[in-house]
Amino acid sequence: MKRFKGFVKKEFYHIFRDKRSLFILFGMPIAQILLFGFAITNEINNVDIAILDYAKDAESEKIIQKIKASKYFNIENQIDNEKAIESEFKNGKIKAVLLFERDFAKKLENQKKATVQVITDATEPNVANTITNYTQSIIQNYQNQKNTTQKQSVSIVMQTRMLYNAELKSVFNFVPGVMTVILMLVSAMMTSISITREKELGTMEVLLVSPLKPFQVIIGKVFPYVFLSIINAVVIVSMGYFIFGMPIRGSLFLLAFESILFIITALSLGILISTVSNSQQTAMMLSLMGLMLPVIILSGFIFPISSMPLPMQIMNNIIPAKWFIIIVKSIMLKGVGISYIIKETLILTLMTLIFIGLSIKNYKTRLE
Amino acid sequence: MSISVQNISKSFKNVSAIQNISFEVKSGELFGLIGPDGAGKTTLFRTLTTLLIPNEGNAIVAGHDIIKNVKEIRNSVGYMPGKFSLYQDLTIAENLAFFATIFGTTIEENYDLIEDIYVQIEPFKNRRAGALSGGMKQKLALCCALIHKPEVLFLDEPTTGVDPVSRKEFWEMLKRLKQKGITILVSTPYMDEAVLCDRIALIQKGEILKIDTPENIVSSYKKTIYDIKTNKMHQLIEHLKKFPTHYSVFAFGEYVHYIDNNIELDLQKLKIYLEEKQHTNIIIQKATTTIEDVFMDL
């Protein structure tokens, strides 16, 4: 036990004296959460739009005034034909065009129904989506006002067209994703690097010729990272909760349990990587290419799995991060209990056991 | 017997590193492995410290079989690899404390053993190991290898890359450790260090060429060696190699070492020969035989 304590103390010295690893450990989670949190925000302000008003009557003018009055939109200019829409978008000055049909007021009066078209530049899907929602609520508001003062109710039909990217995907929730990436990064990459560093600097040779057993060396190496990863998970979840209002509907205890399980999965992967690489650089490349990219791209964090081709969807099943993201989303957003995520939990457990088994098989107590 | 090596061979894939090596080191002996880079010294050290399994043969170190009793050996030997293998981001004191802890001992317990060495680096004990000079690093590494009071100490090229003064100090430390009863197996590529060992093994291309005390090795060398120096050192070796009765010629410091086939060399004849080749300021004198001369002849 004293040996173990001495070893862990040494590991902490390594971590706290290496500014780069300290930055990755604590700077990255905070930076990522803030970046994702504020960059992928759904709020829009002062978006430039254009108006194409074929009606030019009292009703359309009132709606335009209402839109002008809101802080969300800024009417950049008025255009007079549909051909101009395309060029306005291509110039990139505006994000949306509001098109009022001919005889807007008259139709509203006679047919009780008129159409406003909202055409958005969907190269930025989130912005396009939000603009549509905001305009819709402004027009809805106007319609309601009108209906309370009139006997016969009217309806303004809103047609939306998303240009350049018709199939909009819903905004993902970034907290589970960032948490997965960070735990993977800290646990797998940092441990694999810290173990291979001993090999590279030759200190592993000295450790091997010492009474320390291999498992003592490994546990001593990963223990500090379990501890630091838990701190990171807590930081990420609380930032999500307090700064971005991410709900935690399920049990915190369950969330903690699943996070620790995933940390252990990632650590065992890190140990496995360190058993097959001899230099820090190899370990880093393996972790980055083999872990980080799949976690970011294939786990469903950024790109929805359902829209990937079938072979890739099948391949995704071997990525531990995929299961953890499902677990975290289920607990935090749906508030489910263990019985709903038992399958995912068992898969992660099985993966962990396989990784540990392979690591033990690959771990060398000698130099060859 | 502290170390007893029997017919050890080790090869990596198809490249043979050491072949059929056997030797014995007595308790409390300072035994040197002398040989150039790539001779197989490090492979031999790693085999004896259980880091490599020999393809053939076996060895007993401190009474334990290196193949079967790995755990016992790892408890009773001290090993200092050729490459500086301490934690560069830990201070001297932290490194020492760490190695004491993992061997289940404390610095205080075996302080008498390392005291002589440690006092020299103690003024810098809060300095990180990475910021130490080569000589200080080696002293620290030696302290760390000694902290658990090993029966046998393996030092793989401890003085490579260390300045001459520190090298001298280092060998004095080894002598004192020997007096404390620790068996030491040390390797070095420096021939001048060989005479400081009790016995040496000359090793080249994975094979041991000779094992004896340094004195015996030198005195058993029967040929006479001459130091030769002229104004045209560049051509000297070439010209000497064309001298009919030459045996071997090689550069040795500021002189060229020349060995003749005849035990009694006619110095006058050699001088005339060199003068014919336009050499002037010719100095020819008998040299003292060194280990290096013996080594070059093997």
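Coordinate-derived values only; no laboratory data. This is a predicted model, so every value here is computed, not measured. Backbone-built Cβ (ideal geometry, glycine too); neighbour counts: all protein chains shown.
Could you compute the FRET efficiency for A:ILE30 and B:GLN120, with r as their C-beta to C-beta distance and R0 at 56 Å, rounded to 0.05?
E between A:ILE30 and B:GLN120, to the nearest 0.05, is 0.75.
For the range A:265-278, what does the Karplus curve 6.51 cos²θ - 1.76 cosθ + 1.60, with θ = phi - 60°, yield as ³J(HN,Hα) per residue in whole Hz, taken in order and with x for Gly and Pro?
Rounded to whole hertz, the list is 4, 5, 5, 5, 5, x, 5, 4, 4, 5, 6, 9, 10, 9.
Using a 10 angstrom Cβ neighbour count of at most 16 plus a DSSP loop assignment to flag exposed trypsin sites (Lys or Arg not before Pro), which longest range of chain A is free of such sites?
The answer is A:250-363.
Can you pull out the GluC sites (Glu not before Pro) in the range B:223-298 whose DSSP state is coil and whose Cβ has at most 14 other Cβ atoms within 10 Å?
B:GLU254, B:GLU264
Would you tally the net charge around A:ILE195, using a Cβ to Cβ cut-off of less than 11 Å, leaving A:ILE195 out, and scoring K and R as +1, D and E as -1?
With Lys, Arg at +1 and Asp, Glu at -1, the neighbours total 0.
Angle between the Cα long axis of helix B:164-179 and the longest principal axis of chain B, 0 to 90 degrees, nearest 10?
The angle comes out at about 60 degrees.
Filter the GluC sites (Glu not before Pro) in the range B:72-116 to those in DSSP coil with at most 15 other Cβ atoms within 10 Å of their Cβ, and list the result.
Passing sites in the range B:72-116 are B:GLU108, B:GLU109.
Pop out the ³J(HN,Hα) list for the range A:252-257 in order, Karplus 6.51 cos²θ - 1.76 cosθ + 1.60 with θ = phi - 60°, rounded to Hz; leave Gly and Pro as x.
Whole-Hz 3J(HN,Hα) from phi for the range A:252-257: 5, 4, 5, 4, 5, 4.
When you look at the Cβ of every residue in B:72-79, what mean number of other chain Cβ atoms sits within 10 Å?
Averaged over the peptide's residues, the number is 3.
Is the range A:67-112 best put as rounded, prolate or oblate by its Cα gyration tensor, with a ≥ b ≥ c the root eigenvalues, rounded for a/c under 1.5, and otherwise prolate when a/b is larger than b/c, oblate when not?
oblate
Below 8 Å between Cα atoms, with a sequence gap of 6+, how large is the relative contact order for the range A:200-283 in percent?
Averaging sequence separation for qualifying contacts and normalising by length gives 39 percent for the range A:200-283.
Find how many whole Å separate the alpha carbon centroid of the range A:216-287 from the alpha carbon centroid of the range B:169-216.
50
Percent relative contact order of chain B, based on C-alpha pairs within less than 8 angstrom and at least six residues apart?
Taking the mean separation of contacting Cα pairs over the length of chain B, I get 20 percent.
If I model a spin label as a point 7 Å beyond the Cα along the Cα-Cβ vector, how far apart are those points for B:GLU238 and A:LYS83 in nm?
It works out to 8.9 nm between the two label points.
Calculate how steeply helix B:134-146 sits against the longest principal axis of the alpha-carbon atoms of chain B, using the helix alpha-carbon long axis, and give the answer as 0 to 90 degrees to the nearest 10.
Value to nearest ten degrees: 50.
Taking the range B:183-289, which trypsin sites (Lys or Arg not before Pro) meet the DSSP loop condition and have no more than 11 other C-beta atoms within 10 Å?
B:LYS222, B:LYS242
What FRET efficiency would be calculated for the residue pair A:MET308, A:MET285, taking the C-beta separation as r and a Förster radius of 22 Å, to the nearest 0.05?
0.35
Please tell me the relative contact order of chain A in percent, rounded to the nearest whole number, where contacts are Cα pairs under 8 Å and at least six residues apart.
Relative CO of chain A lands at 17 percent.
Counting only other chains, what is the mean number of Cβ atoms within 10 angstrom of the Cβ of each residue in peptide B:96-103?
Going residue by residue through B:96-103 and averaging, the value is 5.
Could you state the angle between the C-alpha long axis of helix A:125-149 and the longest principal axis of the C-alpha atoms of chain A, as a value from 0 to 90 degrees rounded to the nearest 10?
40
Where does chain A land at 222 nm, in deg cm²/dmol rounded to the nearest 500, when only DSSP H runs of n ≥ 4 count, each adding -39500 (n - 2.57), divided by all residues?
Mean residue ellipticity at 222 nm (helix-derived): -18500 deg cm²/dmol.
Would you calculate, for chain B, the mean residue ellipticity at 222 nm contributed by helices, counting each DSSP H stretch of 4 or more residues as -39,500 (n - 2.57) and dividing by all residues, to the nearest 500?
-9500 deg cm²/dmol
What is the Cα centroid distance between the range B:13-76 and the range B:134-167, reported in whole angstrom?
19
When a/c is below 1.5 the answer is rounded, else prolate if a/b is larger than b/c, else oblate, so apply that to the range A:227-322 with a ≥ b ≥ c taken from the square roots of the Cα gyration tensor eigenvalues.
Judged from the Cα gyration tensor, the range A:227-322 comes out oblate (a/c at least 1.5, b/c at or above a/b).
Using a simple charge model, +1 on the beta-carbon of Lys and Arg, -1 on the beta-carbon of Asp and Glu, nothing else, what dipole does the protein assembly as shown show about its Cα centre, in debye to the nearest 20?
For the protein assembly as shown, the charge dipole is close to 1940 debye.
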